[in-house]
Amino acid sequence: MTGYIHVEKAREHNLKSITLDIPRERLVVVTGPSGSGKSTLVFDTIFAEGQRRYIESLSSYARRFLGRLDKPDVEKITGLPPAISIEQKGRSKNPRSTVGTTTEIHDYLRLLYANVGTPHCIKCGRPMEQLTAESAARLLLDENGGDRVFVFAPVIRGEVGRHEDVFQNLLENGFVRVRVDGTILDIEGVSLDGRKKHDIDVVVDRLELHQRNRERLINSLETALESGNGQAIVAREDSPDLVFAEQLMCPRCGIQYERLGPKAFSYNTPKGACPECNGLGVKFDIDPKKVVPDESLTLREGALKPWSHSPESWPMRFLEVLSEKAGFSLDTPWRELSREAKDVILWGHPRYTVSFEYKSKECRGGNETIRVTRKWEGMIPRLRRHLRDTKAEWYRQHIASEFASKTVCPACGGKKLRPENLAVTGGSLSIDQVTAMTIREALD
């Protein structure tokens with residue numbers, strides 16, 4: 001194999017018996033005016049011949065599915081390795097797209113973290129463990145020692161029917177009691193209303209949480225996990241049920257969540273995306289600085305921009321009554337108002353009920369007196385509600401452009417993923433820390 005790709009007498013399309021050598025293992029740029037034959041040389045001659053040779057190297061059976069490629073009009077090409085062609089694409093306008101997702105490197109990272117990453121507890125930072133009957137028993141004995149408990153295995157959840165076949169199967173497997181809709185009953189005496197939904201748990205054991213019963217507790221939990229499709233319920237008197245499942249669990253805090261798959265590390269799926277910002281890393285929210293852009297103005301002068309109308313408007317009348325109730329003045333510059341007054345106006349804290357009257361001009365030229373009583377929710381919650389609920393697109397665009405700004409999501413800190421997914425590390429780095437690196441940093 002030579003150090004050059006030698007093309008001899010290429011005549012494809014508008015090429016006029018071109019002969020040239022192209023150095024291998026170099027970045028080579030083919031330039032020229034439009035119509036000079038750049039694409040014909042690179043794609044229709046060199047690339048096409050490389051593809052044709054590759055396909056001819058395959059078995060006759062494989063070639064049946066790939067079709068036949070014609071030889072380009074060229075005398076000879078030597079030193080030609082297998083060729084690939086990469087299509088140029090415009091950058092995606094999707095706000096979730098990054099260099100990692102566009103180049104699909106992020107897909108490989110997701111697979112890597114799902115399979116070899118180490119999950120950590122989002123509360124205490126300890127490595128999570130796969131829940132077993134032994135780890136569940138250890139947690140129960142540490143936290144609830146001395147309590148008498150029932151161990152249940154859930155078998156039916158919210159299903160209509162008499163479920164006679166389920167009870168018969170439980171009897172055949174040696175169980176004698178069940179908990180039906182919260183009441184413990186002997187299986188042989190159960191008769192359910194077939195028109196209603198029922199929750200059914202089989203009683204696996206009843207015992208005292210003590211070290212001397214440790215082996216018995218482990219065996220009962222194993223039986224419950226097996227009979228309950230990977231779930232076991234431990235019921236204590238006057239306390240909520242504890243549910244254990246075959247999933248990840250913190251050995252210290254008892255926090256549980258499902259084993260994380262590749263989708264957990266994608267901010268384009270509900271399983272991975274931060275629920276607060278839907279995987280965008282930013283929130284589009286009402287900005288108090290846009291609601292009150294000029295703090296030197298008073299409320300009567302229009303400091304509250306959404307309501308900077310004439311003194312005859314109902315918002316001004318509303319503010320007059322609100323100021324009387326909350327004890328602030330409409331003629332005080334915004335920057336001089338107390339924190340409490342600003343909280344009332346912007347956030348509705350505390351909540352006031354305001355009753356007032358104002359005059360509205362009728363279409364015939366007269367004035368109509370309108371009486372209004374409403375609870376004041378605060379200007380920012382009010383604008384949020386309008387932004388969320390209004391059906392008028394022009395009004396939504398008006399609120400968004402005039403009073404909203406993008407801010408870093410407070411839940412994920414701009415990292416786009418759920419907390420439990422960010423707590424998975426490969427080596428000592430989370431997937432977010434890796435994707436935030438430059439290429440040079442990642443190489444180092």
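Its relative contact order, with pairs defined as Cα atoms under 8 Å and 6+ residues apart, puts segment 4-78 at 42 percent. Remark: spin-label model distance Thr407-Arg440 equals 3.6 nm, labels positioned 7 Å along the Cα→Cβ axis. Rounded to the nearest 20 debye, the dipole size of segment 53-150 about its Cα centre is 440 debye, using +1 on the Cβ of Lys and Arg and -1 on the Cβ of Asp and Glu.
Dividing the summed helix terms, -39500 (n - 2.57) for each DSSP H run of n ≥ 4, by the number of residues in the chain produces a 222 nm estimate of -8000 deg cm²/dmol to the nearest 500.
Between Gly279 and Cys274, the built amide H atoms are under 5 Å apart, and every one of these is 5 or more places off in sequence or on another chain. For the chain, the relative contact order is 14 percent, taking Cα pairs closer than 8 Å that sit 6 or more residues apart in sequence and dividing their mean separation by the residue count.
If only the Cβ of Lys and Arg carry +1 and only the Cβ of Asp and Glu carry -1, the dipole of the chain around its Cα centre is close to 1700 debye.
Full extension from Glu237 to Arg63: what is 0.36 nm times the residue separation minus their Cα-Cα distance, to one decimal in nm?
Details: separation 174, 0.36 × 174 = 62.64 nm, distance 7.12 nm.
This chain segment gains 55.5 nm when fully extended.
For the peptides 334-342, 295-303, the ranking by mean Cβ contacts within 10 Å, running from highest to lowest, is 295-303, 334-342.
Between rounded, prolate and oblate, where does the chain land on the alpha carbon gyration tensor, with a ≥ b ≥ c its root eigenvalues, rounded for a/c under 1.5, else prolate if a/b exceeds b/c? Oblate, because a/c is 1.5 or more while a/b does not exceed b/c. Couplings 3J(HN,Hα) of segment 126-138, computed from phi: 6, x, 6, 10, 6, 5, 10, 4, 5, 5, 5, 5, 4 Hz, in residue order, whole Hz [Karplus 6.51 cos²θ - 1.76 cosθ + 1.60, θ = phi - 60°; x for Gly and Pro]. Mean separation of Cα pairs under 8 Å and 6 or more residues apart, divided by the residue count, gives segment 285-407 a relative contact order of 28 percent.
All other residues with a Cβ under 15 Å from the Cβ of Ala341 taken together, and with Lys, Arg as +1 and Asp, Glu as -1, what is their net charge? Provide the component values of the computation, followed by the final result.
Numbers: positive: Arg300, Lys325, Arg335, Arg339, Lys342, Arg351; negative: Glu295, Glu320, Glu324, Asp331, Glu336, Glu340, Asp343.
Local charge sum for Ala341: -1.
By DSSP, the beta bridges lying fully in the chain are antiparallel in about 100 percent of cases.
Suppose every K and R has +1 on its Cβ and every D and E has -1 on its Cβ; what is the size of the dipole of segment 285-407 about the Cα centre, in Debye to the nearest 20? Please list the in-between numbers first.
Working: 23 positive and 19 negative charges, 97 e Å.
It works out to roughly 460 debye.
Amide H contacts for Glu159 (H built 1.01 Å from N in the peptide plane; partners 5 or more residues away or on another chain; cut-off under 5 Å): His198.
Placing a label point 7 Å from the Cα of Arg259 along the Cα-to-Cβ line, the residues of segment 123-163 whose backbone N sits under 20 Å from it are 127-137. Computed 3J(HN,Hα) for segment 233-247, one whole-Hz value per residue from the Karplus formula 6.51 cos²θ - 1.76 cosθ + 1.60 where θ = phi - 60°, is 10, 10, 9, 10, 5, 6, 9, x, 5, 9, 10, 10, 9, 6, 8, glycine and proline marked x. The simple Förster model, with R0 at 22 Å and r as the Cβ-Cβ distance, assigns Arg11 and Arg53 a FRET efficiency of 0.70.
Each peptide in 161-174, 214-227 gets a packing score, the mean of other Cβ atoms within 10 Å over its residues, and the list from highest to lowest is 214-227, 161-174. Dividing the alpha-carbon radius of gyration of segment 1-100 by the rule-of-thumb value 2.2 N^0.38 Å gives 1.30.
Ranked by the mean number of other Cβ atoms within 10 Å of their residues, highest first, the peptides 9-18, 51-60 fall in the order 9-18, 51-60.
Computed from the coordinates by the stated procedures, all read-outs in this text should not be read as laboratory data. The shown structure was predicted, so the numbers you read here are calculated from the model rather than taken from an experiment. Don't worry about glycine lacking a Cβ; one is built from the backbone with ideal geometry, like all the others, and counts go over all protein chains shown.
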